[in-house]
Amino acid sequence: MDEEKTTGKDLSRRQFFTKLGLGSMSIAAAGSVAFAYQYLEPNVLYEPSPVVNAGKPDRYPLDSVTLDVNSGIYIIHSQEGFFSVSAVCTHLGCLTAWKPELNMIACPCHGSKFQRNGAKIEGPAPKPLPWKRVWLNDDGDLLVDRSTDVPALARDSFVRV
Amino acid sequence: MAKTVDQYFNDVCETRVWRSIFRSGTGSSTLKRALAIQQNVFLHLFSTKVRTRMLSFSATWYLGTLTLGTFLILVATGIPLMLYYHPSVPQAYADTKDLQFVVSSGMFLRNLHRWSAHAMVFLVFAHMFKVFYRGAYRPPREFNWVIGVVLLLITLLLSYTGYLLPWDQLAYWAITVGSNIASAVPVMGEKIHFLLLGGNAVNANALLRFYVLHCMILPLTAMFFVAIHFWRIRKDGGLYAHSSEPSVLRANEESKTLTASGNPKEAK
């Protein structure tokens, strides 16, 4: 028993191996956590591309709001030009719908209302619907990048044909 | 002289095979009956002795037992449902419809699973209220209350993950909304959302993750905590009865001495 006692700052053999064991188990535990976290996070996503081809601009009559249900965006042809607004509600991610009779965008889940330029009329949505980058490709098709927000009503956020 | 059924049963209980399985032996003595509980792997979590009063309906309304009952029904119906269900897009929806309209007794099993799930959520809350209003959460049972709260959360998560599996519009948007609520967590919200769904949107990865959570991880976690929950009832002094709490007994004792003598000093 007395042999186990430490003198000064020295560790006894038993204390040394206890520390060594606990230390290596802690390292192994931390490694396992990192391993599990990395494993649970997918490295490749088989999700649709954020860039959507919305077709020829003449598909969209002047002053129209068109919802693309599959990609969750509106293509709006206004007097100032074409622009795109996300159709995903900023509240909890439901797909909103354009109500022509009310002249507004409405969310079926919790009743948020927006103007066609994305501006919020009524909550619970905390933010307006974001504008998405639009441009024309070489074939004259309208492309929308859903992963890039652009400032609302800014000159560069419209496409003029 | 013909033997009665009881005598035949006693004979079976005396056989070597029976005695090798049930070590406690036969007989209706208090000791034998206590051993029958204590030496049984399924029953040893429970108290070996229970007051008859605690088995009356009014004591607990049987809410905890009924919750366990619905959980067992959910396991028993959930496993057969897994035999016809593929957690893949869009097969999951077709399988759910098959279970409902094509598979023999599929509708019965699915509806039983669904109604038991609703009943379990209701019973867990009812159990919690009953424990709260009786004051049964107080020391020494305070840690078992904490385990109960964990079990409530697991029940709700089981309900939530099971909701996605039919892969219909209701499921899709409910999980879209629910997972977006998770992203409201400060700092880690977006990360939790991403890990929960295995992607940025409710998709094939999300369906598979919810399936594994619903059928493996959450039920096993629930069983683990249920075992601790029951074991702790025994360790914390059995089911709560106000009249047999030490402080109440002491108070009763004092009031008895008071009424017997009319003067507390003389009672000594």
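Go through the range A:42-51 residue by residue and turn each phi into a ³J(HN,Hα) via Karplus (6.51, -1.76, 1.60, θ = phi - 60°); whole Hz please, and just put x for glycine and proline.
For the range A:42-51, the Karplus-derived couplings read x, 8, 10, 10, 9, 9, x, 4, x, 8 Hz, x marking Gly and Pro.
Please state the shape class of the protein assembly as shown: rounded when a/c is under 1.5, otherwise prolate if a/b exceeds b/c and oblate if not, all from the C-alpha gyration tensor.
prolate
Please compute, for peptide A:82-91, the average count of beta-carbon atoms on other protein chains lying within 10 Å of each residue's beta-carbon.
Per-residue shielding by partner chains comes out at 1.
Hey, rough spin-label estimate for B:Leu258 and B:Leu68, points 7 angstrom out along Cα→Cβ, what's it come to in nanometres?
Those two pseudo-labels are separated by 4.0 nm.
Cross-link candidates for A:Lys132: which lysines have Cα within less than 23 Å, leaving aside residues fewer than 8 places away along the same chain?
A:Lys56, A:Lys99, A:Lys113, A:Lys120
Shielding of B:173-185 by partners, i.e. mean partner chain Cβ atoms within 10 Å per residue?
On the way: counts 6, 1, 1, 7, 7, 2, 2, 7, 2, 0, 2, 1, 0.
So the per-residue partner count for this stretch is 3.
Expected output is a single nm value to one decimal: the length gained when fully extending between B:Lys130 and B:Leu43, i.e. 0.36 nm times separation in residues minus the C-alpha distance. What is it?
28.9 nm
Binned at 5 Å from 0, what are the whole-percent values of the Cα-Cα distance distribution for the range B:62-111, short to long?
The calculated distribution, bin by bin, is 5, 21, 25, 18, 14, 9, 7, 2, 0.
Quick one: how many lysine pairs does chain B have with C-alpha atoms less than 25 Å apart and a gap of 8 or more or different chains? Give me the count, please. Don't jump to the answer; show the numbers that get you there.
Working: B:Lys3/B:Lys32; B:Lys32/B:Lys49; B:Lys32/B:Lys235; B:Lys49/B:Lys130; B:Lys49/B:Lys235; B:Lys130/B:Lys235; B:Lys256/B:Lys265; B:Lys256/B:Lys268.
Within chain B, the lysine pair count is 8.
Once the convex hull of the alpha carbons of chain A is built, what does its volume come to per residue, in cubic angstrom? Could you put the intermediate results ahead of the total?
Working: hull volume 36.2 nm³, N = 161.
Enclosed volume per residue, from the Cα hull, is 225 Å³.
Net charge within 14 Å of A:Gly21 by Cβ-Cβ distance, Lys/Arg positive one each and Asp/Glu negative one each, not counting A:Gly21 itself?
Overall, the nearby charge balance is +3.
Specify the angular offset, from 0 to 90 degrees and rounded to the nearest 10, of the alpha carbon long axis of helix A:13-40 from the longest principal axis of the alpha carbons in chain A.
Helix A:13-40 and the main axis of chain A meet at about 10 degrees.
Out of residues 5 or more away from A:Ile73 or on other chains, whose amide H comes under 5 Å of its own, with H placed 1.01 Å from N in the peptide plane?
A:Asp68, A:Ala87
Amide H to amide H under 5 Å from A:Val150: which residues, 5+ apart in sequence or cross-chain, H placed 1.01 Å off N in plane?
Under 5 Å from the amide H of A:Val150 lie the amide H atoms of A:Trp131, A:Lys132, A:Arg133, each far enough along the sequence or on another chain.
Residue-wise, which Karplus ³J(HN,Hα) couplings in Hz belong to the range B:232-243, taking 6.51 cos²θ - 1.76 cosθ + 1.60, θ = phi - 60°, and x for glycine or proline?
6, 4, 5, 5, 8, x, x, 4, 6, 10, 4, 5
How would you classify chain B from its alpha-carbon gyration tensor, with a ≥ b ≥ c the square roots of the eigenvalues: rounded for a/c under 1.5, else prolate if a/b is greater than b/c, otherwise oblate? Walk me through the numbers before you get to the answer.
On the way: a/c = 2.96, a/b = 1.49, b/c = 1.98.
Cα axes put chain B in the oblate bin.
Give the average over all directions of the projected area of the C-alpha convex hull of the range B:1-155, one decimal, in nm².
15.0
Expected output is a single nm value to one decimal: the length gained when fully extending between B:Arg53 and B:Thr4, i.e. 0.36 nm times separation in residues minus the C-alpha distance. What is it?
Result: 14.4 nm gained on full extension.
What is chain A's relative contact order, in percent, from Cα pairs under 8 angstrom and six or more apart in sequence?
Relative contact order here is 18 percent.
Relative contact order of chain B, please, whole-number percent, based on alpha carbon pairs below 8 angstrom and at least 6 residues apart.
Reported relative contact order: 17 percent.
Relative to the longest principal axis of the C-alpha atoms of chain B, give the angle of the C-alpha long axis of helix B:246-261, reported between 0 and 90° and rounded to the nearest 10°.
Here the helix axis deviates by roughly 30 degrees.
FYI, it's all coordinate maths here, none of it is from the lab. No experiment lies behind these values; they were computed from the predicted model shown. In this analysis, Cβ positions are derived from the backbone assuming ideal geometry, glycine residues included, and neighbour counts consider all displayed protein chains.
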